[in-house]
Amino acid sequence: MGLEAKLMSDGFLTTTIDALVGWARESSVWPMPMGISCCGIEMMAVAGPKYDIARFGSEVMRFTPRQCDVMLVAGTVTYKMSHVVKKIYDQMPDPKWVIAMGVCTSTGGMYRSYSVVQGIDHFLPVDIYLAGCPPRPDNLLNALMLIQDKIKNTKAREFQNIPLLEPVKVNGN
Amino acid sequence: MEIKDKIVPLLQEQFPETNFEVTDFRGDLKIKFDASLIVPVGNFLKQHDELKFNMCEDVTAVDWATKKKRFTIIYHIYSLENKFRLRLACDVEENHPHIESVVPVWKSANWYERETYDMYGIKFDNHPDLRRMYMPEEYEYYPLRKEYPLMGIPGDLTLPKK
């Protein structure tokens, strides 16, 4: 009888800290909803009963950055708004992730203009670029699952202020 | 007699010295006149017993780029009583483009004039609060002028530090 089986029979499970912390973190990714324009509507649809982001443990949309893990930047970011987005991002506790939802946020999209930031990666570290104008809610769920994968595969003590893995690009629908 | 046919004779009667250029395009009446008269004309149109143009819907401008009087300022006004919409137009010079503010006449013009100032750099004299509307306060350019490039001037707007 090995140690593991002995512990099992006593009601214990063995695991590593990384696996445990990763599992806990990926199952409770609380989003900061930065619904700046029309993508915000699709983000709300994700929170609704049909798509139901609660299935992924992310139903707790927090309107204070202090309690958030992932920032959903949903909408066109203008130069004026960029300072606000950055300020909110800075207030989020580490570890934190960013989803750039929609083409405006990812690249400026159709707003090739003086007032719009041509992609929020000019001032924020982005983990997931999500294509679509706006992306369908299921596409946002896909992005969330990719974030969960990323969180699960990150070692607990490796969290820093910078993204650890290369950004993942999600293809459009 | 339709309200549309009354406006110009009434204006001409009140301001006999002024030349009113009238354009009627598909039922939309536009009246162009000297920029210095915008407040008296506006007051007259608003307070006249029959006309009652009591609502200012928009103030904007046109940049003609090459004309000597480069900018045309456009006022969209509406008479709720007569259900009639009218455009007023005034030309201003390129050097120090300015016109008297119509905020004392129509309060709603306040933000419209700020927006026009922000985008074209036209000064509205005696405006109660002539600040920029969309662009940052310290911004040096006027984005809707023809010489302004579409993608802006590099480095004119700051991004937060990465």
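We did not get these values from a lab; they are worked out from the coordinates using the rules stated. Nothing here was measured: the structure is a model prediction, and the numbers come from that model. Neighbour counts are summed over all protein chains in view; Cβ atoms, including those assigned to glycine, are modelled from backbone coordinates with ideal geometry.
Computed from Cα atoms, the angle from the helix B:109-120 axis to the main principal axis of chain B rounds to 50 degrees. Listed from fewest to most Cβ neighbours within 10 Å, the set B:Leu88, B:Leu130, A:Leu20, B:Leu11 follows the order A:Leu20, B:Leu130, B:Leu11, B:Leu88. A dipole drawn for the protein assembly as shown from +1 and -1 charges on Cβ atoms has a positive end, and of A:Ala47, B:Ala109, B:Pro128 the residue lying farthest that way is A:Ala47. Beta bridges per DSSP, both residues in the range A:3-170: antiparallel share near 5 percent.
Evaluate the charge dipole of the range B:23-103 about its Cα centre and quote only its size in Debye, nearest 20, assuming +1 on the Cβ of each Lys and Arg and -1 on the Cβ of each Asp and Glu. Before the final figure, lay out each step's value.
Working: 12 positive and 13 negative charges, 46 e Å.
Dipole size: approximately 220 debye.
Dividing the summed -39500 (n - 2.57) terms of all DSSP H runs of n ≥ 4 by the residue count of chain B sets its mean residue ellipticity at 222 nm at -6500 deg cm²/dmol. Cross-link reach is defined here as a Cα-Cα straight distance under 25 Å, omitting same-chain residues fewer than 8 places apart; for A:Lys80 the lysines meeting it are A:Lys96, B:Lys123, B:Lys146, B:Lys161, B:Lys162. If one takes the longest principal axis of the Cα atoms in chain B, at what angle in degrees, from 0 to 90 and to the nearest 10, does the Cα axis of helix B:38-47 lie? On a 0 to 90 degree scale, this one is about 50.
Using 0.36 nm per residue and subtracting the Cα-Cα separation, the extra length available between B:Tyr139 and B:Asp5 on full extension is 43.7 nm.
Counting only other chains, and only Cβ atoms inside 10 Å, what mean value do you get across the residues of A:113-119? Walk me through the numbers before you get to the answer.
Working: counts 4, 11, 5, 2, 3, 1, 0.
Going residue by residue through A:113-119 and averaging, the value is 4.
For chain A, the relative contact order comes to 23 percent (Cα pairs under 8 Å, sequence separation of at least 6). Placing a pseudo-label 7 Å from each Cα along the Cα-to-Cβ vector at B:Lys68 and B:Leu80 gives an inter-label distance of 4.3 nm. A simple rule links phi to the HN-Hα coupling: the Karplus curve 6.51 cos²θ - 1.76 cosθ + 1.60 with θ = phi - 60°, which for the range B:100-107 gives 5, 6, 9, 4, x, 8, 10, 4 Hz, with x for Gly and Pro.
Count charges around B:Ala65 for me, please; just the other residues with Cβ under 12 Å from its Cβ, Lys/Arg as +1, Asp/Glu as -1. Walk me through the intermediate numbers first.
Working: positive: B:Lys67, B:Lys68, B:Lys69, B:Arg70, B:Arg145, B:Lys146; negative: B:Asp63, B:Glu94, B:Glu147.
Neighbour charge sum, excluding B:Ala65 itself: +3.
Distance between the C-alpha centres of the range B:1-41 and the range B:59-100: 13 Å, rounded to the whole angstrom. Sites listed here are chymotrypsin sites (Phe, Trp or Tyr not before Pro) in the range A:1-106 whose DSSP assignment is loop and whose Cβ has at most 14 other Cβ atoms within 10 Å: A:Phe12, A:Phe63.
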